[in-house]
1. Only one of SER184, SER132 is farther than 24 Å from ILE14 by Cα, touching a residue at least 12 places away in the same chain (Cβ under 8 Å) and among the hydroxyl-bearing types (Ser, Thr, Tyr). Can you tell me which?
2. Kindly list the number of the only condition in (1) touching a helix residue (DSSP H, G or I) at 6+ places or on another chain (Cβ under 7 Å); (2) buried (at least 19 other Cβ atoms within 10 Å of the Cβ); (3) farther than 22 Å from ILE52 by Cα that fails for ALA222.
3. Say we look at region 73-88 and pick out the residues that are surrounded by fewer than 24 Cβ atoms within 10 Å (Cβ to Cβ) and out of contact with any helix residue (DSSP H, G or I) (no Cβ under 8 Å at 6 or more places or on another chain); which of these is farthest from GLU130 (Cα to Cα)?
4. Checking the conditions here, which among GLU23, GLU93, GLU18 is closer than 29 Å to GLN240 by Cα and either among the charged types (D, E, K, R) or crowded, with 22+ Cβ neighbours inside 10 Å (or both)?
5. Could you tell me whether region 47-55 includes any residue that is surrounded by fewer than 21 Cβ atoms within 10 Å (Cβ to Cβ) and among the basic types (Lys, Arg)?
6. Can THR215 be described as of a type in the set (Val, Ile, Thr) and surrounded by fewer than 19 Cβ atoms within 10 Å (Cβ to Cβ)?
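A short reminder: the numbers here are calculations on the coordinates, not readings from a lab. Bear in mind the structure is a predicted one, so any value in this text is a computation, not a measurement. Heads up, the Cβs are rebuilt from the backbone with ideal geometry, glycines too, and the neighbour counts pull from every protein chain shown.
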Amino acid sequence: MDSSDRINKIIKNIVSPERIVDERDAKWLCRKVIKVFANEPSLLEIDSPVKICGDIHGQLSDLLKVFKLGGIPPKTKYLFLGDYVDRGENSVEVICLLYALKIQFPEHIYLLRGNHESDEMTEAFGFLEEVSIKLGQEYWEYFIDSFNYMPIAAIVLKQYFCVHGGISPDLKRASDINNIKRPSIIPGAGILADLLWSDPDNQIETYGPNWRGETVSYGLKAVKKFLKRSGLSCIIRGHQVARNGYNFPFLPSRCVITLFTASNYPGALNNKAAYLEISSGKGYVMHFLRQNTKKKKPIEKNESVQQEMNEEKELKKDKEIKKMIEVQKVKKINETGNEECLLKTQIIKRNNKM
């Protein structure tokens, strides 16, 4: 079976009702996609027309809705802004489907790195456990290796700067991103950390602290200075839940757009999901996905934001000490009477008294 036939089979299995991903295929996809990523610069340059998607977070149903509404590569070109895994139930299927399409159509689908494409985040927010159950824990390392090769940012139509989080006080202009060497592990602070972790804040002018930890928040003045130095007009980013699928954090200025493409995000207030389409000479158009109808537990208005803040603050605290991960085999008897081994991952967090 040649590569094209194998990829077609992988895609067919993923979109089937059974959502099958074979462990050998997962390993093969990770190794193949690394070669594709390695041939791309850290800062991509993409022509229009292109459709841009925000966070997916393991919600395969939303990803399939995007392809149903917007078309499938190579008929349509896509740029994804990162955070493909964690929190959702189908992170393995999401990342494997995107990898299969990237290998098959490398110039029609582009995958940027998000802050969740790291070992520490996937250990804490579900991907490690999902991989361990569906494939085996050893396969998680193949995904982490592939994440370290992902491009960091993109410029679309020489006008739109696309990145997961935002900008950095240490980044003078967009072109400097090509100085970031890959493969790379996301550091605790600095340019790469800021590109993937930072947030806009309309209460500050330039840069300030960020509740997420060692990264920064950036204001409108900092954005305009960065865009002017880089010869660009707009930042398109993900990283934060947007109630309507998108928002403009610096209104009335529309120089920053936040996109979120996972509807009814766990813990959120029944948020919509959106993606953005850019065409030369036509600006951009927002498209919306039909929301998932799965009922979720009612929550207070600010609970989802507070929940995310608490989770990520705790993760930052955990980084201050050596993390200990225990993986133990749990035997389970299935309906046929056979034993199957599941991997149960337990993250030992630091004692609150420390």
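1. Details: SER132 fails: farther than 24 Å from ILE14 by Cα.
Every option except SER184 fails the conditions.
2. Result: ALA222 passes all but (1).
3. LYS75
4. Details: GLU23 fails: closer than 29 Å to GLN240 by Cα; GLU18 fails: closer than 29 Å to GLN240 by Cα.
After applying the criteria, what remains is GLU93.
5. Filtering region 47-55 for residues surrounded by fewer than 21 Cβ atoms within 10 Å (Cβ to Cβ) gives 47-49.
Right, trim to among the basic types (Lys, Arg) and you get none.
Within region 47-55, not a single residue is surrounded by fewer than 21 Cβ atoms within 10 Å (Cβ to Cβ) and among the basic types (Lys, Arg).
6. Values: of a type in the set (Val, Ile, Thr): yes; surrounded by fewer than 19 Cβ atoms within 10 Å (Cβ to Cβ): no.
So THR215 does not fit the description; no.
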